Amino acid sequence: MPPDSPSAAATAPDIPTSPPPSLTALFVAFAKMSLAGFGGVLVWARRGIVDQHKWMTAEEFNETFALCHFLPGPNIVNFTMVFGSRFRGIAGGIAAFCGLVGPPVVIMTILGVLYQRFGEIEVLRHILAGVSCAAVGLLIAVVFRMMMPLIRKRDVIGLALLAAVFVAIGLLRLPLPIVLLVAIPVSIAITFMRRRRAA
């Protein structure tokens, strides 16, 4: 089948189209993400890395973030270190980490001082409530975007596993460690069996 045929184009995997970022680019990119990241940086991290800079495909982003989700500590901080180290080694991880946490630390220190002085103002409370609603909306939007690779591939098993974990944690309120102890081996086993069949 010719590589430029419609069916071949539909099944061809996405590949990153940009060269690896420099240390400066890592710092600046994650600084911008952290400054835009009201309610969480994940939304802006995916947009910057996958859509804007094209340093990762959507599937690579999902896989890397899933790995970081299973590691101790804040997910986005883990992701920052893994992402930076992937391209520029330990120095890249440190550059991305400093870009992620540096600007917010300065801003939150200033805002903390101001909130201590003016936090009882009713208008400020309403503003914070509105920001929290917007943050929830952004999180829901990025969840759907991260699901798109599974939907495009019609990965019924992957979607079923995703739904099962959501029900177990979100609805049944089962402890996260127990759910992970079940979900991780099942995911690995499914991936192993699929690769054996494809080989």
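Among the chymotrypsin sites (Phe, Trp or Tyr not before Pro) in the stretch 53-136, those located in a DSSP loop and surrounded by at most 16 other Cβ atoms within 10 Å of their own Cβ are Phe70. Here, the stretch 74-135 is characterised by an Rg to Rh ratio of 1.19, where Rg is the alpha-carbon radius of gyration and Rh the Kirkwood radius.
Once the Cβ-Cβ distance of Ile127 and Met147 is raised to the sixth power relative to R0 = 41 Å, the FRET efficiency obtained is 0.85.
Any idea what % of Cα-Cα pairs in the stretch 155-199 are farther than 17 Å? In whole percent, the long-distance tail amounts to 36. One decimal place: the segment Phe70-Lys32 gains 11.1 nm when fully extended, by the rule 0.36 nm per residue minus the C-alpha distance. Charges were assigned to the Cβ only: +1 to each Lys and Arg, -1 to each Asp and Glu. The resulting dipole of the chain about its Cα centre is roughly 360 debye. Applying 0.36 nm per residue to the separation of Ala135 and Leu171 and subtracting their alpha-carbon distance, the gain on full extension is 10.8 nm. Enclosing the Cα atoms of the chain in their convex hull gives a volume equal to 165 cubic angstrom per residue.
Taking Cα atoms, how many degrees apart are the long axis of helix 122-152 and the longest axis of the chain, rounded to 10 and kept between 0 and 90? It works out to around 10 degrees.
Candidates Leu139, Pro74, Asn62 compared by Cα position along the dipole of the chain: farthest toward the positive end lies Asn62, with charges placed on Cβ. Using bins of 10 Å that start at zero, the share of Cα-Cα pairs per bin across the stretch 98-186 amounts to 13, 24, 27, 24, 11, 1, in whole %. If the chain linking Arg86 and Val106 were pulled fully straight, counting 0.36 nm for each residue of separation and taking away their Cα-Cα distance, it would gain 4.5 nm. The alpha-carbon positions of the stretch 24-69 define a convex hull whose volume is 70 Å³ per residue. Per residue of the chain, the DSSP helices (runs of n ≥ 4 H) give a summed -39500 (n - 2.57) that works out to -25000 deg cm²/dmol at 222 nm. Sort out the exposed loop trypsin sites (Lys or Arg not before Pro) in the chain (DSSP loop, at most 16 other Cβ within 10 Å) and tell me the longest stretch that has none. Longest stretch, sites excluded: 55-152. What distance in nm lies between label points placed 7 Å from Cα along the C-beta direction at Tyr115 and Ser18? According to this spin-label approximation, the distance is 3.1 nm. Each of Ile184 and Ala160 was given a label point 7 Å from its Cα along the Cα-to-Cβ line. The distance between the two points is 2.4 nm.
Readers should treat all values here as calculations from the given coordinates under stated rules, not as data from a laboratory. This structure is a prediction, so every number in the text was calculated from the model and none was measured. So basically every Cβ, Gly included, is an ideal-geometry build from the backbone, and we count neighbours across all protein chains shown.
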